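Q: Handing you this structure, nothing more for now.
The values are calculated or read from the model by the stated rules, or taken from the named source; none is laboratory data. These figures come from a predicted structure and were not determined experimentally. Cβ: placed from backbone, ideal geometry, glycine included. Neighbour counts: every protein chain shown. The area values use the complete protein model at the heavy-atom level, side chains included, leaving out ligands, DNA and RNA. Shrake-Rupley method; radii C 1.70, N 1.55, O 1.52, S 1.80 Å.
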Amino acid sequence: VQALRYLLSAEIARAEKRPADAVSAAQKGLAYQNSPFAVEILAHCYADAGENEKAAQQYEVLIARGNERIESFDEPAFSRVVDAHYYLAVLYEKLGQTENSRKHLKAFLGYWTAPDSDLKMYMDAQRLLRSLPVGTPTAAM
């Protein structure tokens, strides 16, 4: 129960634009419940706080643990693992890691067979993929 309190506090702090408080609460929540759900919240909090490398690391963890979402009470949230590819691509683009960004954009877009034509995230992923320079080296993380 304590983990959920911290994670809820993190989401409230995010909504109130208090990124440092959100990160702190999410870290505590993850310490109590090391779940993909808690990892996702921490990743969002780091991104909101502008800690892009830490956010990217957490999204990588979330993607690596994606199968846990299929086999748990959180099964309907597997789509959030798909979304994590998009968020990770955006972060990698900000970090100058073009090839990593491209890889995650392609993974994100690969999950869709017939997306709604006005789906903002999908359209943005297509735009970002087209805008990435070709052959740019990826910086080490």
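Q: Considering region 98-128 alone, what residues qualify as being within 19 Å of His44 (Cα to Cα) and either in contact (Cβ under 8 Å) with a residue 60 or more places away in the chain or of a type outside the set (Ser, Thr, Tyr) (or both)?
A: Passing the criteria: Asn100, His104, Leu105, Phe108, Lys120, Met121, Asp124, Ala125.
Q: To continue, here is another question. Looking at region 128-141, which of its residues are surrounded by 11 or more Cβ atoms within 10 Å (Cβ to Cβ), modelled with pLDDT of 90 or more and more than 18 Å from the chain's Cα centre (by Cα)?
A: Leu132
Q: Let me ask something else. Looking only at region 1-23, filter to residues that are charged (D, E, K, R) and farther than 22 Å from Gly66 by Cβ; which one of those is surrounded by the most Cβ atoms within 10 Å (Cβ to Cβ)?
A: Taking the candidates together, the pick is Arg14.
Q: Of everything in region 1-23, what is of a type in the set (Lys, Arg) and assigned to a helix (DSSP H, G or I)? Give them in sequence order.
A: Selection gives Arg5, Arg14.
Q: Here is a further query. So in region 68-121, with the set limited to residues that are modelled with pLDDT under 90 and among the aromatic types (Phe, Trp, Tyr), which one is farthest from the chain's Cα centre (by Cα)?
A: Ranking the candidates gives Phe73 first.
Q: Please verify whether Gly66 is in contact (Cβ under 8 Å) with a residue 24 or more places away in the chain and more than 20 Å from Met121 (Cβ to Cβ), treating the condition exactly as stated.
A: For Gly66, the condition - in contact (Cβ under 8 Å) with a residue 24 or more places away in the chain and more than 20 Å from Met121 (Cβ to Cβ) - is not met.
Q: Tell me the helices (runs of 4 or more DSSP H) entirely within region 24-73 that contain at least 3 residues that are open to solvent by 20 Å² or more (accessible area, probe 1.4 Å) and not β-branched (Val, Ile, Thr).
A: 36-48, 52-64
Q: Are there any pairs, at least 6 apart or on different chains, whose C-beta atoms fall under 9 Å, with the first in region 5-17 and over 13 Å from Leu30 (Cβ atoms) and among the β-branched types (Val, Ile, Thr) and the second open to solvent by 60 Å² or more (accessible area, probe 1.4 Å) and modelled with pLDDT of 95 or more, and if so, which?
A: Sorted first by the residue in region 5-17, then by its partner, the pairs are Ile12/Arg18; Ile12/Asp21.
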